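As structure tokens, the structure follows; a few thoughts come after it.
The values are calculated or read from the model by the stated rules, or taken from the named source; none is laboratory data. Computed from a predicted model, the values in this text were never measured in an experiment. When we count neighbours, we look across all protein chains shown, and the Cβ atoms used for this are built from the backbone with ideal geometry, even at glycine.
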Amino acid sequence: MTVAQSLDLAASLYLSAAGRTQPVMGLDPVPAPSEVTPGWLGFGFFVTLCVVTVLLWFNMRKQLKKIDFDDGSGRRGLADTRDAAHGPGDSPAAADVDTPAEPPAPDRP
């Protein structure tokens, strides 16, 4: 017994139990498995999802490269090693970091 025949049998049993003898609407035939395909629309969605995933991956890599964080390993970054090679007093940038900034004077009329 095929799927279509079993559906027809189930529909006729339901209709006879409900008191009807003729179906209101005919059942559509079940397509063969070789006829059921996603088609061009499904292929287009799949390719679009792949392209968007690759673009998001590249964007995430770019954003992660911008992050500079201390991982606690004790290694210093490139800018820190340059300052350490010059010594604390040789670099003007190091002098600015060590001296506290004066607070701005309050505006009084």
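When V30, V52 are checked against the criterion of being surrounded by 10 or more Cβ atoms within 10 Å (Cβ to Cβ) and part of a loop (DSSP other than H, G, I, E, B), a single residue qualifies: V30. Just checking, does the range 24-37 include any residue being within 30 Å of L9 (Cα to Cα), at pLDDT 85 or above and within 24 Å of the chain's Cα centre (by Cα)? Scanning the range 24-37 turns up no residue that is within 30 Å of L9 (Cα to Cα), at pLDDT 85 or above and within 24 Å of the chain's Cα centre (by Cα).
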